[in-house]
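Only one structure is covered here, and it is reproduced in the block below.
Just so it is clear, none of the values below were taken in a lab; they were calculated from the coordinates. Not measured: the values here are computed from a predicted model. With ideal geometry, Cβ positions are generated from the backbone for all residues, glycine too; neighbour counts draw on all protein chains shown.
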Amino acid sequence: MPINPSQLKRLEILNEGFKTSVFNDPVGIPTVGIGHNLPGNSPDSITDLPGNPSYDDVLNGKTPLTNDQVDALYENDMNAAIANAQVLFPNWDSLPIGGSRLRIRGN
């Protein structure tokens, strides 16, 4: 059964939090949204969001994201992670939802 980001969102929010402003994660990496590692991803992941926020302004804490932008960022991140998992594991969609299948985040 295919998995989609909305199935994982509540779990991810419990694990990662939901922050509209940049914060340092437990190991000091600037993060925003639902666990989005800013330096580990392309600035386009921010500037391509609705409203085209400035990557530097978000990174420097000058501009928070809106809730809708956080949702879009999460959807983009998770769709990319699911696509990568499907390439690495051709039987991905036939695996049960749970366990290691939920560990698809790469950022």
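Worth a mention:
- Rounded tilt (10° steps) of 67-88 against the dominant C-alpha axis of the chain: 40 degrees
- Sequence-ordered 3J(HN,Hα) estimates for the range 31-44 from the Karplus curve with 6.51, -1.76 and 1.60 and θ = phi - 60° stand at 9, 8, x, 10, x, 7, 6, 5, x, x, 10, 5, x, 4 Hz, glycine and proline given as x.
- Of the labelled figures [x] 29.7, 90; [y] 14.7, 44; [z] 14.1, 44, only one reflects Rg and Dmax of the Cα atoms in Å as derived from the coordinates, namely [z].
- Nearest-20 debye value, the chain charge dipole, Cβ charges on Lys, Arg, Asp, Glu: 380 debye
- Built amide H within the under 5 Å cut-off of Lys19, gap 5+: Gly33, Ile34, Gly35
- The range 8-20 - phi-based ³J(HN,Hα) in whole Hz, Karplus 6.51/-1.76/1.60, Gly and Pro as x: 9, 4, 4, 4, 5, 5, 4, 7, 9, x, 9, 10, 7
- Each Cα pair under 8 Å and six or more residues apart adds its separation to the average, and for the chain the resulting relative contact order is 31 percent.
- Measuring r between the beta carbons of Lys19 and Gln86 and using R0 = 25 Å, the FRET efficiency lands at 0.30.
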